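**Student:** Here it is, the structure, as structure tokens.
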Amino acid sequence: MGQPIRVLLAKVGLDGHDRGVKVVARTLRDAGMDVVYTGLHRTPEEVVRAAVQEDVDILGVSLLSGVQLTVFPKIMRLLAEQQAEDMIVVAGGVMPDEDVEALKALGVAEVMLQDTPPAAIVERLTHLVEARGAR
Amino acid sequence: MRRAFIPSTDLVPRVEKGEPFAVARMISRAEASSSEAREALGALYRKAGRAHVVGVTGVPGSGKSTLVATLVARLRAAGARVAVVAIDPSSPYSGGAILGDRIRMQEHALDEGVFIRSMATHGAMGGMAHACLDVVDILDVAGYDTVLIETVGVGQDEVEVANASDTTVVVSAPGLGDEVQAIKAGILEIADIHVVSKCDRPDSNRTLTDLKMMLKDAPPRDGWRPPVLGLSSLRGEGFEDLMDAMARHREALAGPGGVARRRAIAAFRLRKTAETILIERFRGREQGSVDALAARQQDPYAAASELVRNFTGEKADA
């Protein structure tokens, strides 16, 4: 019996919009995943600690404030410190194309911008977890 | 990059050292209930038994999460290392879940002495999550002094948490029913400690009085009379009384009354584990019977007896 995919969705930094991330949370729930949501205004340290304790397959961070090149390097470093470098990190939100390339170079597995259809998110996350293997 | 599989038995010594990554991964193995993890979980069971396991249950909206968040802060201030198992419901349709209990526990997000794990019910009954008992053992061995189990919001007869915890706290909120609710059988009977939450509200006195009236003539169970405590998470009031009652109940369990309780918990654990192993063995083998049953060519008693007989080698009608 396959275990449900576990995902932690987080909002990091000062932007106060979580309508998008809540829609994603519901979409993933309806696709049979377990979704931990940690609420607004978290720091990278808080998010990584929570993701490690929850032992999620995927850490999804939604950003609308433009601080992705500050936040993601920190998250990747903290995950490595916590022996969780094999966790799949996914970014979501609004950002310029050159930042998408920069994040992928850091090891962010996928960047899903605001026009990504919900079904595509489910498909992509499922594929990433299958490729990564069981916890 | 495909991830390397760490054998569960290799995680055990790391759980004992309290490594967050190992504790978290071991919990995932327990949830997956793979046979690979059984030896490790068995070893952890034998090492556990040091922590005070406190179940917190109550109807939806009674204030369990807020109470637990404040209780964690007070227990930390008293020097205890605290773990929380926060259970939320799975969707009956997709099987997925949204686990939101961490939102109310943000103040503990960076505290090394607090470990929070969200679990979905995944079809388990009684307000509990499947594998919750194993998860409690893991957190116990990892060195957490108090393990709080926060159940999903339950109805009136989801009482399984009492079989998983040393001390069961039942949270009632004012304004949710008349005094007849208080004399019904079920969830109120499993309380070792009754808490009336939201005692900043004027109608809370009525709820306190109803509960106290109900319990006045109840005989003590295992030598313990459940106290009724008023509490306000909003004002932070009543938590000293709650912590005091938790400590006194734990002391009472160390006496003769506790032996019966520990045996009951062990018996429940044995039955649950046997169920898990049996269900796993049956899975996929019942197909032929299911079709015959659906067509009403066979009856459930005969079909189930035959299924069981195939495993135990018993004679018919045994």
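**Student:** Between B:Ser33, B:Ser65, B:Ser305, which gets the highest mean-square fluctuation from a Gaussian network model of chain B, Cα cutoff 10 Å?
**Tutor:** Checking each option, the largest mean-square fluctuation is seen for B:Ser305.
**Student:** Moving on. How big, in percent, is the set of alpha carbon pairs in chain B lying more than 25 Å apart? Intermediate results must be reported in sequence, preceding the final value.
**Tutor:** Details: 27712 of 50403 pairs.
Percent of Cα pairs beyond 25 Å in chain B: 55.
**Student:** Go through the stretch B:212-318 and name the GluC sites (Glu not before Pro) that are in a DSSP coil and have 14 or fewer other Cβ atoms within 10 Å of their Cβ.
**Tutor:** Working: sites: B:Glu237, B:Glu240, B:Glu251, B:Glu275, B:Glu280, B:Glu286, B:Glu306, B:Glu314; in loops: B:Glu286, B:Glu314.
Counting only loop positions with at most 14 other Cβ atoms within 10 Å, the GluC sites (Glu not before Pro) in the stretch B:212-318 are B:Glu286, B:Glu314.
**Student:** While we're on this one: Excluding same-chain residues fewer than 8 positions from B:Lys272, which lysines have a Cα within less than 20 Å of its Cα?
**Tutor:** Straight-line reach from B:Lys272, under 20 Å: B:Lys47.
**Student:** Looking at the stretch A:9-130, what % of the alpha carbon pairs are farther apart than 17 Å?
**Tutor:** Details: 3791 of 7381 pairs.
More than 17 Å apart: 51 percent of the Cα pairs in the stretch A:9-130.
**Student:** Compare the Cα positions of B:Val135, B:Leu215, B:Val147 along the charge dipole of the protein assembly as shown (+1 at Cβ of Lys, Arg; -1 at Cβ of Asp, Glu; about the Cα centre) and return the one farthest towards the positive end.
**Tutor:** Farthest towards the positive end: B:Leu215.
**Student:** With only Lys, Arg, Asp and Glu charged, each at its Cβ (+1 for the first two, -1 for the last two), find how big the charge dipole of chain A is about the Cα centre; round to the nearest 20 debye.
**Tutor:** It comes to approximately 340 debye.
**Student:** Further, regarding this structure: Quick one: dipole size for the protein assembly as shown, taken about the Cα centre, charges +1 on Lys/Arg Cβ and -1 on Asp/Glu Cβ, in debye to the nearest 20. Could the numbers behind the result be given before it?
**Tutor:** Details: 54 positive and 62 negative charges, 158 e Å.
Dipole about the Cα centre, nearest 20: 760 debye.
**Student:** Would you rank B:Phe282, B:Phe239 by solvent-accessible area, highest first, keeping every protein chain in place and using a 1.4 Å probe?
**Tutor:** On the way: B:Phe282 40, B:Phe239 0 Å².
From most accessible down to least: B:Phe282, B:Phe239.
**Student:** Let me ask something else. Cα to Cα, under 27 Å, and not fewer than 8 places away if on the same chain: which lysines meet these conditions relative to A:Lys104?
**Tutor:** Hits, sequence-local ones excluded: A:Lys11, A:Lys22, A:Lys74.
**Student:** Under the rule a/c < 1.5 gives rounded, and otherwise a/b versus b/c splits prolate from oblate, where does the stretch B:58-141 land using the Cα gyration tensor? Let's see the in-between values first.
**Tutor:** Details: a/c = 2.09, a/b = 1.57, b/c = 1.34.
Here the stretch B:58-141 falls in the prolate category.
**Student:** Okay, which of the stretch B:275-295 sit inside 13 Å, backbone N to the point 7 Å along the Cα-Cβ direction of B:Asn310?
**Tutor:** Correct set: B:281-293.
**Student:** At most 14 other Cβ atoms within 10 Å and a DSSP loop assignment: could you name the trypsin sites (Lys or Arg not before Pro) in the stretch B:210-247 that fit? Before the final figure, lay out the partial values.
**Tutor:** Details: sites: B:Lys212, B:Lys216, B:Arg221, B:Arg235; in loops: B:Arg235.
For trypsin sites (Lys or Arg not before Pro) across the stretch B:210-247 that sit outside H, G, I, E and B with at most 14 neighbouring Cβ atoms in 10 Å, the list reads B:Arg235.
**Student:** Given the -39500 (n - 2.57) contribution per DSSP H run of 4+ residues, what per-residue ellipticity at 222 nm results for chain B, rounded to the nearest 500 deg cm²/dmol? Walk me through the numbers before you get to the answer.
**Tutor:** Working: 11 runs with 138 residues, N = 318.
Theoretical 222 nm ellipticity from helices: -13500 deg cm²/dmol.
**Student:** Sequence-distant or interchain residues sharing an amide H contact under 5 Å with A:Met112, placed H: which?
**Tutor:** A:Ala91, A:Gly92, A:Gly93
**Student:** Tell me the label-point distance for the pair B:Asp10, B:Leu234, using the 7 Å Cα-to-Cβ offset, in nm and rounded to one decimal.
**Tutor:** 5.3
**Student:** Mind checking the stretch B:1-107 for trypsin sites (Lys or Arg not before Pro) that DSSP puts in a loop (not H, G, I, E or B) and that have at most 12 other Cβ atoms within 10 Å? Write out the running numbers ahead of the final one.
**Tutor:** Details: sites: B:Arg2, B:Arg3, B:Arg14, B:Lys17, B:Arg25, B:Arg29, B:Arg38, B:Arg46, B:Lys47, B:Arg50, B:Lys64, B:Arg74, B:Arg76, B:Arg81, B:Arg102, B:Arg104; in loops: B:Arg2, B:Arg3, B:Lys17, B:Arg50, B:Arg81.
When the trypsin sites (Lys or Arg not before Pro) of the stretch B:1-107 are filtered for loop state and at most 12 Cβ neighbours within 10 Å, B:Arg2, B:Lys17, B:Arg50 remain.
**Student:** Could you tell me whether the protein assembly as shown comes out rounded, prolate or oblate from its Cα gyration tensor? Rule is a ≥ b ≥ c as square roots of the eigenvalues, rounded for a/c under 1.5, then prolate if a/b exceeds b/c, otherwise oblate. Walk me through the intermediate numbers first.
**Tutor:** Values: a/c = 1.69, a/b = 1.20, b/c = 1.41.
Oblate, since a/c reaches 1.5 and b/c is not below a/b.
**Student:** Continuing with the same structure: May I ask you to list, by number, the DSSP H helices of chain A whose Cα span along the axis is at least 18 Å and whose average Kyte-Doolittle hydropathy reaches -1.0 or more? All intermediate terms of the calculation are to be shown ahead of the outcome.
**Tutor:** Numbers: long enough: A:68-81 (19 Å, 0.64); A:118-132 (21 Å, 0.29).
The qualifying helices are A:68-81, A:118-132.
**Student:** Let me ask you something else. Computed FRET efficiency, Cβ-Cβ of B:Arg38 and A:Glu98, R0 45 Å: what is it to the nearest 0.05?
**Tutor:** 0.35
The values are calculated or read from the model by the stated rules, or taken from the named source; none is laboratory data. On a predicted model such as this, the values are computed, not experimentally measured, just so you know. Don't worry about glycine lacking a Cβ; one is built from the backbone with ideal geometry, like all the others, and counts go over all protein chains shown. Remember, those area values only see protein heavy atoms, side chains included, never the ligands or the DNA or RNA. Shrake-Rupley method; radii C 1.70, N 1.55, O 1.52, S 1.80 Å.
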